[in-house]
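Quick notes on the structure that follows.
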Amino acid sequence: MSSVPSDVPAVNAFRYGWRFVPRALPDGRTDLEKVALTLEDVLHPKEGDVIPERTLHEKERAYLAGVFRSRPPAEPIGHVTSDCLIDWGVEELRDTSPDVAVFAGLRQEPDLNAGTFRLASSGGRCLLTVELVSPDTRDNDVVHKVEEYHQAGVPLYLIVDQQRAGGPRRLIVYRHAAERYEEVPLDEQGRLHLRDFRLWVSLRDGRVVCHDVETGRELGDYAQIARELDALDQRCREQEQLAEDSILRSRADQQARRDAEKRERDAERQTREHDQARLAAERQAREHDQARLAAEKREEDTRRLAQERDKARLAAEQRERDAQDRIRQLEEALQRLQATVPPPGEAPPAPAS
């Protein structure tokens with residue numbers, strides 16, 4: 001089964017859609033005849049049927065299918081169908097094509113190329129069906145499918161109802177009971193809590209919206225998510241650029257800090273070297289002064305010794321002169337004495353009176 005958008009009004013004879021039926025021609029060839037579908041055909045379509053679909057209907061069907069595919073049930077091997085024929089495996093129950101249906105517990109992954117999903121042979125079970133009501137086919141969704149989905153054992157049936165074109169929409173929810181479906185009341189905000197999928201489902205401005213139960217975050221459709229991802233990618237690129245610029249600035253700052261620290265170390269080293277040179281110069285000056293003072297002291301000592309030697313020499317010369325004078329005096333005294341002493345045998349002269 002296939003569908004086409006119906007924003008442009010179709011020819012009235014094909015208001016529900018059409019199928020191509022092979023017809024034998026008189027010459028033996030086979031041709032395809034375009035046959036209009038009835039409301040009954042829309043309720044129980046066949047593979048290859050073309051059923052016009054409004055753009056809003058198509059967008060919401062794809063949106064809900066995407067949401068449920070992003071929220072797989074806890075049971076292994078789940079499957080979500082969208083506008084796909086379902087063989088319910090129930091005797092005397094014909095195939096239907098829910099807008100969205102969710103299954104779980106399949107024995108193996110389904111064949112995605114198959115035009116009909118056969119529930120009984122899959123080994124799985126249905127968790128939920130969703131129908132988005134079109135006013136011109138409303139009876140199929142709110143009357144006939146209520147009976148058939150109950151007969152098929154669908155545990156939860158969600159209807160987005162609309163009685164007339166352009167009219168208000170509302171949510172109707174049925175839960176399976178023994179004899180018939182029982183309507184499930186919505187909460188005070190008009191929301192349906194789908195516990196197994198961790199979702200709130202509601203209407204906002206006549207459009208179906210889903211929110212995460214835990215965070216309250218609205219789940220967008222593919223186009224919205226793609227736009228958000230593009231915006232997120234752009235923000236990420238901007239953040240990466242900012243981070244790269246920050247890293248470059250940080251590296252430049254670090255290099256500048258290292259250069260400043262090196263200059264500071266060089267200045268400190270130069271200061272230390274200058275101080276050491278100054279101290280060495282001062283030490284050399286002190287040593288020079290000490291050497292000068294020592295030299296001056298030695299020179300003074302030398303002068304003093306020279307003076308003392310001169311004094312000693314002069315004293316010795318004076319003593320020598322004194323000795324010579326004494327010797328001369330003694331010699332003179334001896335000579336006088338000898339002059340007054342007679343030779344041996346002679347009488348000494350008489351003393352003068």
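The values are calculated or read from the model by the stated rules, or taken from the named source; none is laboratory data. Just so it is clear, the structure is predicted and the values come from calculations on it, not from any experiment. Every residue, glycine among them, receives a Cβ derived from its backbone with ideal geometry; neighbour counts consider all protein chains shown. Only protein heavy atoms, including side chains, enter the accessible area calculation; ligands, DNA and RNA are left aside. Shrake-Rupley method; radii C 1.70, N 1.55, O 1.52, S 1.80 Å.
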- Could you tell me which of the residues ARG298, ARG198 is closer than 30 Å to TYR174 by Cβ and open to solvent by 90 Å² or more (accessible area, probe 1.4 Å)? ARG198
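Determine, yes or no, whether LEU93 is within 19 Å of VAL146 (Cα to Cα), out of contact with any strand residue (DSSP E or B) (no Cβ under 8 Å at 6 or more places or on another chain) and of a type outside the set (Gly, Ala, Ser). Quick ask: steps written out before the conclusion?
Working: within 19 Å of VAL146 (Cα to Cα): yes; out of contact with any strand residue (DSSP E or B) (no Cβ under 8 Å at 6 or more places or on another chain): yes; of a type outside the set (Gly, Ala, Ser): yes.
Yes: the conditions hold for LEU93.
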- Item | Matching residues in segment 32-90 - criterion: being free of Cβ contacts under 8 Å to residues at least 40 places away in the same chain and charged (D, E, K, R) | GLU33, LYS34, GLU40, ASP41, ARG69, GLU75, ASP87
- Message: Could you check segment 94-112 and list, in sequence order, the residues that are buried (at least 19 other Cβ atoms within 10 Å of the Cβ) and at positive phi?
- Response: none
- Task: Kindly establish whether ASP139 is closer than 18 Å to ARG69 by Cα and either open to solvent by 40 Å² or more (accessible area, probe 1.4 Å) or aliphatic (A, V, I, L, M) (or both).
- Result: no
- Do we have any residue at all in segment 175-183 that's modelled with pLDDT under 95, surrounded by fewer than 10 Cβ atoms within 10 Å (Cβ to Cβ) and of a type outside the set (A, V, I, L, M, F, W, C)? yes
- Message: Tell me whether segment 250-266 contains one or more residues that are over 24 Å from the mean Cα position of the chain (by Cα), open to solvent by 60 Å² or more (accessible area, probe 1.4 Å), under 27 Å from LYS145 (Cα atoms) and at pLDDT 90 or above.
- Response: no
- Message: If I filter segment 201-229 down to residues being open to solvent by 100 Å² or more (accessible area, probe 1.4 Å) and of a type in the set (D, E, K, R), which single residue comes out as farthest from ARG61 (Cα to Cα)?
- Response: GLU214
- Note on the structure: Turns out the strands (runs of 3 or more DSSP E) fully within segment 178-224 with at least 1 residues that are among the acidic types (Asp, Glu) are 181-183, 207-212
- Task: Filter segment 82-93 down to residues that are in contact with a helix residue (DSSP H, G or I) (Cβ under 8 Å, 6 or more places away or on another chain), under 23 Å from VAL67 (Cβ atoms) and not acidic (Asp, Glu) and give me whichever is surrounded by the fewest Cβ atoms within 10 Å (Cβ to Cβ).
- Result: SER82
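Can you spot a residue in segment 57-68 that is of a type in the set (Val, Ile, Thr), within 49 Å of the chain's Cα centre (by Cα) and under 18 Å from LEU85 (Cβ atoms)?
Restricting attention to segment 57-68, the residues satisfying the condition of being of a type in the set (Val, Ile, Thr) are 67.
Filter once more, so that each one left must be within 49 Å of the chain's Cα centre (by Cα): 67.
Now restrict to residues that are under 18 Å from LEU85 (Cβ atoms): none.
Among the residues of segment 57-68, not one is of a type in the set (Val, Ile, Thr), within 49 Å of the chain's Cα centre (by Cα) and under 18 Å from LEU85 (Cβ atoms), which makes the answer no.
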